[in-house]
Amino acid sequence: MSADPPARVLVAGATGFIGRRLVPALMERGHEVRAMTRRPEAYDGPGTPVGADVGDPDSLPPALEGVDVAVYLVHSLDHEDFESRDREAAVAFGRAAAEAGVRQIVYLGGLGHDGSMSAHLRSRREVEGKLGEGGVPVTVLRAAIVVGDGGISWELTRQLVKNLPAMVVPKWTSTRTQPVALDDVVSYLVGVVDDERAFGRVFEIGGPEVMTYRDMLRIASQEMSGVSLPVVPVPVMTPRLSSYWLSLVTDVDVTTGRNLIDSMDTEVVVTDDSIFEIVPIEPLDYREAVRRALADRKD
């Protein structure tokens, strides 16, 4: 069973999309939280800021000293060499966690099944293993698209709907996926922290609906404008062309766009609901997740 709080929890990636929501949620549960960031002097969120960089192994031991649980929310999609960067960072973090006596690492990975994964998803899967090489039990939550303000996949959806009166979209928009609300991802992460039933296990997380990216665009359009945006698929548009197309109509850079699009040709659907043994919540549907993401925007 889970240990009584408070646990000392380090969140690597505390200033990111997930991390800045996770830190206060962990504190609400009574945990003592360290917010790991490369610029602790600029951190203005809850918790105790600690300076460290997963790309600098020597910076990790002081940040992890005395920590019970480390939550790892770091990846490098905006770099051409993201696979090697993420591999090296995961190895260094896992070893430093082991040396510090950390009893659990929690990692938010990517949903996908072996044999049909993109480089992005293969890298996420590799990181799962590398984090555990030092011997610390790793709890993995595998998610598809996380719907929430500030998330890169959601931003693509929101900006496409906002900027185009009608969309000529690539064939990959017919791929099925299982989006999950940001609030639910935070609940799942908080729920597995320091719970021994989750140690060394992999869980798949998603919302209650399986849908295509085209479905997601239509629903987002209805919630943003009250009308359903016309969506016309184009049979031939390569991932590279798609990434340039995205960079023209959104503020997502070409490298990030291409790395994401490579994953969007792969069906990512939950096939195992064992997470509910540990965190028995009722997941939000996609429309409600969109409404919350739109409500959270500051402009």
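The values are calculated or read from the model by the stated rules, or taken from the named source; none is laboratory data. On a predicted model such as this, the values are computed, not experimentally measured, just so you know. Methodologically, a virtual Cβ is constructed for each residue, glycine included, from the backbone with ideal geometry; neighbour enumeration extends over all protein chains shown.
Every residue in the stretch 65-101 that is at pLDDT below 85 and over 14 Å from residue 12 (Cβ atoms), please.
77, 78, 79, 80, 81, 82, 83, 84
Being of a type in the set (Lys, Arg) and over 18 Å from residue 6 (Cβ atoms) narrows it down to one of 34, 29, 39, so name that one.
On inspection, the qualifying residue turns out to be 39.
Look at the stretch 169-192 and say how many of its residues are polar (S, T, N, Q) and modelled with pLDDT of 80 or more. Lay out the reasoning, then the answer.
In the first step, residues of the stretch 169-192 are kept if they are polar (S, T, N, Q); the result is 173-175, 177-178, 187.
From what's left, modelled with pLDDT of 80 or more: 175, 177-178, 187.
Residues flagged as polar (S, T, N, Q) and modelled with pLDDT of 80 or more within the stretch 169-192 amount to 4.
For the stretch 146-168, which residues satisfy the criterion of being modelled with pLDDT of 90 or more and under 10 Å from the mean Cα position of the chain (by Cα)?
146, 147
From 110, 51, 101, 66, which residue is in contact with a Ser or Thr (Cβ under 9 Å, 6 or more places away or on another chain) and farther than 18 Å from residue 186 by Cβ?
Sole residue among the options that is in contact with a Ser or Thr (Cβ under 9 Å, 6 or more places away or on another chain) and farther than 18 Å from residue 186 by Cβ: 51.
Which of (1) in contact with a Pro (Cβ under 9 Å, 6 or more places away or on another chain); (2) surrounded by fewer than 15 Cβ atoms within 10 Å (Cβ to Cβ); (3) at pLDDT 85 or above does residue 234 not meet, given it meets every other one?
With (1) in contact with a Pro (Cβ under 9 Å, 6 or more places away or on another chain); (2) surrounded by fewer than 15 Cβ atoms within 10 Å (Cβ to Cβ); (3) at pLDDT 85 or above applied to residue 234, the lone miss is (3).
Go through the residues of the stretch 32-49 one by one and say whether even a single one is among the acidic types (Asp, Glu), in contact with a helix residue (DSSP H, G or I) (Cβ under 7 Å, 6 or more places away or on another chain) and in a loop (DSSP other than H, G, I, E, B).
Checked against the condition, which is being among the acidic types (Asp, Glu), in contact with a helix residue (DSSP H, G or I) (Cβ under 7 Å, 6 or more places away or on another chain) and in a loop (DSSP other than H, G, I, E, B), the stretch 32-49 yields no hits at all.
Within the stretch 194-211, track down each residue that is touching a helix residue (DSSP H, G or I) at 6+ places or on another chain (Cβ under 8 Å) and either assigned to a strand (DSSP E or B) or farther than 17 Å from residue 142 by Cβ (or both). Walk me through how you get there before you give the answer.
Filtering the stretch 194-211 down to residues touching a helix residue (DSSP H, G or I) at 6+ places or on another chain (Cβ under 8 Å) leaves 195, 197-198, 202-205, 207, 209, 211.
195, 197, 202, 203, 204, 205, 209, 211 - these are the residues of the stretch 194-211 that are touching a helix residue (DSSP H, G or I) at 6+ places or on another chain (Cβ under 8 Å) and either assigned to a strand (DSSP E or B) or farther than 17 Å from residue 142 by Cβ (or both).
Take the stretch 271-288 and flag every residue that is of a type outside the set (Asp, Glu), closer than 28 Å to residue 218 by Cα and modelled with pLDDT of 95 or more.
Restricting attention to the stretch 271-288, the residues satisfying the condition of being of a type outside the set (Asp, Glu) are 271, 274-276, 278-281, 283-284, 286-287.
So of that shortlist, the ones also closer than 28 Å to residue 218 by Cα come out as 271, 281, 283-284, 286-287.
Residues satisfying the conditions are 281, 283, 284, 286, 287.
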